[in-house]
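Below is one structure; the comments refer to it alone.
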Protein chains: 6
Amino acid sequence: MYITRRERFSAAHKLENTHLNTKENKQLFDKCNNLHGHNYELFVTVTGAIKPNSGFIIDLKDLKKIIQEKIIDKLDHNYINEVDFMKNKITTTENLCVQIWGELKEPIKLLGAKLYKIKITETENNSFEYYG
Amino acid sequence: MYITRRERFSAAHKLENTHLNTKENKQLFDKCNNLHGHNYELFVTVTGAIKPNSGFIIDLKDLKKIIQEKIIDKLDHNYINEVDFMKNKITTTENLCVQIWGELKEPIKLLGAKLYKIKITETENNSFEYYG
Amino acid sequence: MYITRRERFSAAHKLENTHLNTKENKQLFDKCNNLHGHNYELFVTVTGAIKPNSGFIIDLKDLKKIIQEKIIDKLDHNYINEVDFMKNKITTTENLCVQIWGELKEPIKLLGAKLYKIKITETENNSFEYYG
Amino acid sequence: MYITRRERFSAAHKLENTHLNTKENKQLFDKCNNLHGHNYELFVTVTGAIKPNSGFIIDLKDLKKIIQEKIIDKLDHNYINEVDFMKNKITTTENLCVQIWGELKEPIKLLGAKLYKIKITETENNSFEYYG
Amino acid sequence: MYITRRERFSAAHKLENTHLNTKENKQLFDKCNNLHGHNYELFVTVTGAIKPNSGFIIDLKDLKKIIQEKIIDKLDHNYINEVDFMKNKITTTENLCVQIWGELKEPIKLLGAKLYKIKITETENNSFEYYG
Amino acid sequence: MYITRRERFSAAHKLENTHLNTKENKQLFDKCNNLHGHNYELFVTVTGAIKPNSGFIIDLKDLKKIIQEKIIDKLDHNYINEVDFMKNKITTTENLCVQIWGELKEPIKLLGAKLYKIKITETENNSFEYYG
């Protein structure tokens with residue numbers, strides 16, 4: 001049994017490999033090297049057994065609170081390139097997935113469930129899934 | 001090869017563990033302990049081989065008919081807490097998934113395919129998946 | 001210039017004209033006479049001039065707060081037939097639109113804008129618009 | 001008869017009134033004063049008579065081309081605060097609507113139709129409409 | 001007060017002006033001159049007063065039945081160029097709107113309401129509205 | 001890590017087993033045996049390691065280009081029954097998935113990634129997934 005919570009954040013970013021020069025970055029990332037932004041959708045999937053007392057895997061209010069504090073409060077209405085867990089990373093959605101996994105894995109374990117998947121949609125055409 | 005049919009139902013429910021008292025239910029389920037309702041989306045995924053004669057895994061008209069009779073006719077425009085296969089269950093979406101799996105598994109086998117997944121979205125932010 | 005804020009609420013209701021008997025209600029409202037529920041989407045459209053200081057018609061945080069307090073806190077995760085501004089009304093979405101208009105008109109005027117439209121979608125197939 | 005073309009752009013922006021100081025901007029715009037971004041959806045509605053020869057109001061390929069050249073090429077994957085037609089404007093979606101109207105009105109007239117509405121959705125909850 | 005019912009149909013069509021030759025049609029309609037198809041969404045908006053007895057403008061079951069019989073049964077899973085009310089018309093969505101208006105205007109009047117708008121979305125990017 | 005690119009095509013088709021006669025086809029495929037069409041959504045999922053230089057699994061511009069050339073240019077605004085890779089196949093969405101897999105597998109390998117899944121949604125209610 002899997003449960004998925006969707007949260008959203010609106011953020012700016014710019015793809016840039018700091019080990020490359022301006023021209024190389026332009027060539028590698030094209031218009032994604034410009035400052036721009038997205039309405040990201042984050043889908044956090046957790047798994048676990050149904051608790052007989054509540055009929056829940058996990059209380060969605062608890063899951064929502066953790067995602068809010070650990071991820072949304074940092075990313076929403078901010079510049080991703082300067083968010084603590086993305087510093088010195090290229091801010092691709094691939095890397096966002098990996099870093100968000102790292103931020104959420106332990107707190108979700110403390111709630112008695114297991115993080116299963118991080119999915120992020122960047123636009124209606126592009127989405128990314130990471131299973132740890 | 002997997003095929004997924006979406007059906008929808010609009011229903012009322014109220015989360016309540018009948019072994020707990022009013023105050024305990026309020027504490028455990030908060031506002032979900034109030035009578036309220038949702039437009040649920042049910043996604044039934046089946047798997048099987050493609051039949052050479054038809055190019056189908058399963059005739060979607062047959063799948064649709066089974067879901068309608070076994071599930072939608074009972075849940076749509078009704079109060080989930082009183083639907084036969086949900087009686088004496090806490091009406092969380094987790095439990096709904098499990099019970100719907102039980103109702104559909106055999107009828108789908110009779111159509112020559114295999115039930116693979118039950119997915120229910122309760123709101124645009126919360127969804128649940130069950131693999132039996 | 002018009003600005004529209006969407007908010008959502010999940011609620012139960014039952015169509016019933018208290019001046020009719022059980023059989024007449026059943027005949028008039030069919031399965032909508034059963035207790036059931038929806039994920040409603042409420043779209044509040046206001047109009048006004050753009051303030052040179054802010055570039056806003058209205059601060060969306062203020063609009064959101066009013067809709068939350070006057071409407072969502074009362075309807076979300078509740079039984080519409082017992083919500084104060086719907087008492088003694090048939091709880092059709094038409095009547096919901098009219099009553100929500102009445103609740104929001106003055107508070108929006110106090111924010112320096114003008115309520116223009118209340119739109120409610122009840123399901124993905126049915127929507128309602130009211131212009132006062 | 002009205003025809004609406006949707007186009008999309010992903011851009012960064014920051015709400016800022018350059019006549020106010022840092023503290024005043026923070027107070028007025030709150031977290032919208034931070035650098036952030038959105039996936040904007042732009043809906044351009046034009047009106048006109050149906051041409052008997054084609055059954056069209058306007059050839060959508062021509063409309064698409066104009067919106068692309070005049071608007072999307074400038075805004076997509078860019079920082080709105082530095083786009084030519086938004087310079088020295090507060091980059092609210094209200095002002096974006098007004099400026100896009102100004103950019104598209106004449107080119108659409110040259111195609112033999114009339115611009116009727118500019119609608120922009122900034123997030124799934126906030127949308128804006130301008131009728132010139 | 002306005003109520004909108006959405007219905008869907010999946011159909012094939014081909015844009016062709018029978019007074020033009022093959023080359024002229026190709027030049028005018030480009031790839032839309034090829035046989036292709038769409039999942040159309042039809043939004044029928046009607047207006048009227050709220051009936052005190054039911055709280056309805058119109059019974060949605062009646063509206064749905066009329067749209068089904070007059071429009072969907074003819075267009076769904078068919079070739080639009082050969083549907084009776086589209087014969088000898090160029091099958092643009094503009095013309096579809098006009099013809100559907102003609103088919104629905106009187107039947108809706110017989111239900112005690114007034115047809116207000118026909119909207120058709122052809123793809124997620126292109127939509128058309130007709131007010132008679 | 002998985003990345004999914006969505007592309008769309010609008011096409012006509014007709015379910016027909018050329019080894020059966022007209023009556024048998026009608027009985028087997030019912031109204032799907034009529035010429036009709038859809039707005040198909042194609043989701044191509046690829047997997048691979050994140051390249052340290054770019055933070056990408058694969059450059060989405062390259063993936064988009066391959067899907068466009070190999071699939072969309074052939075299917076969009078065309079009659080599926082006559083598209084080269086669907087000739088002599090029953091044009092069910094199941095078979096479309098299998099054939100598209102065959103067309104994309106090698107070109108994606110040449111980009112340094114691995115095709116993982118082909119998903120096609122035919123209508124908002126019916127979708128199909130193929131894992132090779």
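The values are calculated or read from the model by the stated rules, or taken from the named source; none is laboratory data. Just so it is clear, the structure is predicted and the values come from calculations on it, not from any experiment. Cβ atoms come from the backbone with ideal geometry, glycine included; neighbour counts cover every protein chain shown. Ligands, DNA and RNA are stripped out before the accessible areas are found, and what is left, the full protein with its side chains, is counted by its heavy atoms. Shrake-Rupley method; radii C 1.70, N 1.55, O 1.52, S 1.80 Å.
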TODO: Would you check if there is a residue in segment B:18-27 being more than 18 Å from the chain's Cα centre (by Cα), over 30 Å from F:E124 (Cα atoms) and in contact (Cβ under 8 Å) with a residue 24 or more places away in the chain?
DONE: yes
TODO: Keeping to segment F:57-85, report how many residues are open to solvent by 40 Å² or more (accessible area, probe 1.4 Å) and either touching a residue at least 24 places away in the same chain (Cβ under 8 Å) or over 14 Å from the mean Cα position of the chain (by Cα) (or both).
DONE: 9
Task: Flag if E:G48 is under 25 Å from D:D59 (Cα atoms) and touching a residue at least 12 places away in the same chain (Cβ under 8 Å) - done: no
Task: Candidates D:T47, D:T92, D:T121, filtered to the one that is polar (S, T, N, Q) and closer than 13 Å to D:I3 by Cα - done: D:T47
Open item on the list: Suppose the filter is within 16 Å of the chain's Cα centre (by Cα) and aliphatic (A, V, I, L, M); does F:A11 pass it?
Closed with: yes
Task: Subset of segment F:13-44 (residues that are farther than 30 Å from E:I72 by Cβ and crowded, with 18+ Cβ neighbours inside 10 Å) - done: F:V44
- [ ] Return yes when E:S54 is within 14 Å of chain D (Cβ to nearest Cβ), of a type in the set (G, A, S) and either over 26 Å from E:K26 (Cβ atoms) or surrounded by 18 or more Cβ atoms within 10 Å (Cβ to Cβ) (or both) and no when it is not.
- [x] no
TODO: Test E:K26 against the stated conditions and say whether it is at pLDDT 95 or above and away from chain F (no Cβ under 14 Å).
DONE: no
Task: Residue in segment D:70-77 that is more than 7 Å from every other protein chain (Cβ to nearest Cβ), over 16 Å from D:I118 (Cα atoms) and out of contact with any His (no Cβ under 9 Å at 6 or more places or on another chain) present - done: yes
Task: Scope segment E:1-12; condition outside any loop (DSSP other than H, G, I, E, B), away from chain F (no Cβ under 13 Å) and open to solvent by less than 40 Å² (accessible area, probe 1.4 Å); matching residues - done: E:I3, E:T4, E:R5
Task: Hits in segment D:89-125 (condition: within 13 Å of chain C (Cβ to nearest Cβ), open to solvent by 50 Å² or more (accessible area, probe 1.4 Å) and in contact with a strand residue (DSSP E or B) (Cβ under 8 Å, 6 or more places away or on another chain)) - done: D:K119, D:E124
Task: Positions within segment D:15-42 being touching a helix residue (DSSP H, G or I) at 6+ places or on another chain (Cβ under 6 Å) and among the charged types (D, E, K, R), in sequence order - done: D:E16, D:K26
